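Enquirer: To start, I am sharing the structure in question, which I have written as structure tokens.
What follows draws every value from the coordinates through simple rules; no lab data is involved. Bear in mind the structure is a predicted one, so any value in this text is a computation, not a measurement. Glycine gets a Cβ as well: all are built from the backbone with ideal geometry, and neighbour counts include every protein chain shown.
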């Protein structure tokens, strides 16, 4: 009925008022196959609607029974516009202006980089005569992408697209290349962790620690500066070697004795929203119908309507859940804590590490199981760092200081 | 006419085909007590706020209640909206 009313609103309808001979008139209209709707009776008489097509077709008959017919609908409004030429022209001009202004791009937004690079991009666009407002076609957008990509070497990905009246430039910066130390470059080996030195194997370079030395993070283990025996000059060499150290890791873990889990009850309720341009209006159903629930959303596209406009129906389903408490036994809790401790340990130490000693103590109170552990490892603690010769300027500065 | 109509209705039942395909009987449907749809009618004989009488083949249907409004009427069907209290069938 709603669709029918909408169509009649567009195509036009006629409202007819009658004061007498109601039944007779209705039967005459029925016999002439004229559809009548919204028939209402009030103190003055009755009022009903017929389509404008039927009104034109049976104008003589309708004028005979009634002289008070009011025409309504979009078609009549448009017909009236014929006489108001200035107004119609104004609307037409404003629509054209609106269309032209909204099809232009007024603003540039750079996403994915810092302020300095944003300025560089905008400057580059200005240098190439791309200033706002501008009308840009798809080809122009591709050209801008190429322009940015070729002129600015700092980006590994550039995408340019127009969103409304905004030009969005989406960029992804190149990650700084990891500097690999070449085997022939002068370097030292420093400690990556606090440890007690267990073994030093130096293939080249000068070892500066012995077995049993306590070393701290950043401390030099094998130095890449050596004294030439013949000339007594200091020379820089690449350091090669492995330094094993004893490292200690402490862990404190706890696990709940009673854990709450949610279990589905197979009951569900749905709520429907009408989604227009990102805003949603609730149509059917209640929000939060259960105390504990799992909520899932799905979008239903309305045939034709969703394609032509941004109108969809959002269906949200609330699945009821019950909170249940389960007791965790001591052994399970201990195993779980142990597994998570080793997971953490693997992340912290190197792959060729070896466990020398592990001390694990368990305790518990009313709510939790606790685990305190100390793991002693032997691992490679060395980390190669490049060393540079001091330039003359730097040495002079140091002297002045 | 009426007896012949009844025969056609019985024949439709025996052949298990829709009744209105053979007989000339009216079809009445109700949505709660708010809406009545009558198909195959012959016109309205009375329309007031609290009473509507519709003529059909062999019978007159009187609907009693309040706040009646005729939502749609055409050659084939009539839809009456309102608070329906009573529906009476009587011969002409």
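Enquirer: Test of understanding: in a Gaussian network model of chain A with alpha carbons linked when under 10 Å, which of A:370, A:248, A:290 would top the mean-square fluctuation ranking?
Expert: Highest fluctuation among the options: A:290.
Enquirer: Just how far, in whole angstrom, is segment A:16-69 from segment B:24-59 if you go by their alpha carbon centroids?
Expert: The distance from the Cα centre of segment B:24-59 to that of segment A:16-69 comes to 19 Å.
Enquirer: Shifting gears a bit: For B:30, A:223, A:236, which order do you get if you count the other beta carbons within 10 Å of each Cβ and list the fewest first? Each step should come with its number before you reach the end.
Expert: Values: B:30 14, A:223 20, A:236 17.
Ranking B:30, A:223, A:236 by Cβ neighbours within 10 Å, fewest first, gives B:30, A:236, A:223.
Enquirer: What is the average number of partner chain Cβ atoms found within 10 Å of a Cβ in B:38-45? Don't skip to the answer; put the middle values down first.
Expert: Details: counts 0, 0, 0, 1, 3, 8, 9, 4.
Partner Cβ neighbours, averaged per residue: 3.
Enquirer: Turning to a different aspect of this structure: Within 10 Å, count the other beta carbons around each residue, average over each peptide in A:70-76, A:363-369, and list them highest first. Provide the component values of the computation, followed by the final result.
Expert: Numbers: A:70-76: 14.3, A:363-369: 12.3.
Taking the mean over residues of other Cβ atoms within 10 Å, the ranking is A:70-76, A:363-369.
Enquirer: How much of the DSSP bridge set in the protein assembly as shown is antiparallel, in percent, rounded to the nearest 5?
Expert: Details: 132 of 137 bridges.
Close to 95 percent.
Enquirer: Relative to the longest principal axis of chain A, what angle (0 to 90°, nearest 10) does the C-alpha long axis of helix A:138-151 take?
Expert: 10 degrees
Enquirer: Something else about it: Say we join alpha carbon atoms closer than 10 Å with springs in a Gaussian network model of chain B; which of B:14, B:48, B:72 then has the biggest fluctuation?
Expert: Result: B:14 has the largest fluctuation of those listed.
Enquirer: Separate question: Go ahead and run the numbers for FRET between residue A:372 and residue A:288, Cβ-Cβ distance against an R0 of 60 Å, rounding to 0.05.
Expert: Values: r = 43 Å, r/R0 = 0.71.
About 0.90, to the nearest 0.05.
Enquirer: If R0 is 25 Å, what FRET efficiency do you get for residue A:363 and residue A:260 from their C-beta distance, rounded to 0.05? Kindly include the intermediate steps, with their values, before the conclusion.
Expert: Details: r = 23 Å, r/R0 = 0.92.
Result of the calculation: an efficiency of 0.65.
Enquirer: Okay, helix-only estimate at 222 nm for chain A: each DSSP H run of n ≥ 4 adds -39500 (n - 2.57), divide by all residues, round to 500 deg cm²/dmol; what do you get?
Expert: Numbers: 11 runs with 119 residues, N = 401.
That comes out to -9000 deg cm²/dmol.
Enquirer: Do you know the relative contact order of chain A, to the nearest whole percent, from alpha carbon pairs under 8 angstrom that are 6+ apart?
Expert: Taking the mean separation of contacting Cα pairs over the length of chain A, I get 12 percent.
Enquirer: Another question, then. With contacts defined as alpha carbon pairs under 8 Å and 6 or more residues apart, what's the relative contact order of chain B in percent?
Expert: Working: 188 pairs, mean separation 20.5, N = 92.
In percent, rounded to a whole number, it is 22.
Enquirer: Just from its helices, what would the mean residue ellipticity at 222 nm be for chain B, if runs of 4 or more DSSP H residues each count -39500 (n - 2.57) and the sum is divided by every residue, rounded to the nearest 500 deg cm²/dmol?
Expert: Details: 2 runs with 17 residues, N = 92.
For chain B, the value works out to -5000 deg cm²/dmol.
Enquirer: Something else: Could you compute Rg(Cα) / (2.2 N^0.38 Å) for the protein assembly as shown, with N its residue count?
Expert: Ratio of Cα Rg to 2.2 N^0.38 Å: 1.91.
Enquirer: So how tilted is helix A:2-11 from the main axis of chain A? Cα-based, degrees 0 to 90, rounded to 10.
Expert: 70 degrees
Enquirer: Here is a further query. Any idea how far the Cα center of segment A:270-300 sits from the one of segment A:142-215, in Å?
Expert: Measuring centre to centre over Cα atoms gives 47 Å.
Enquirer: Additional query: Inside 10 Å of the C-beta atoms of B:47-60, what's the mean count of C-beta atoms belonging to other chains?
Expert: Working: counts 6, 2, 3, 0, 0, 1, 1, 0, 2, 0, 0, 0, 0, 0.
The mean count of partner-chain Cβ atoms within 10 Å per residue comes to 1.
Enquirer: For segment A:197-347, calculate the relative contact order in percent as a whole number, restricting contacts to Cα pairs under 8 Å that are 6 or more residues apart. Please list the in-between numbers first.
Expert: Details: 247 pairs, mean separation 32.8, N = 151.
About 22 percent, as a whole number.
Enquirer: Something else about it: On a 0 to 90° scale, report how tilted helix B:2-14 is relative to the longest principal axis of chain B, with both axes built from alpha carbons and the result rounded to the nearest 10.
Expert: Relative to chain B, helix B:2-14 is tipped by roughly 70 degrees.
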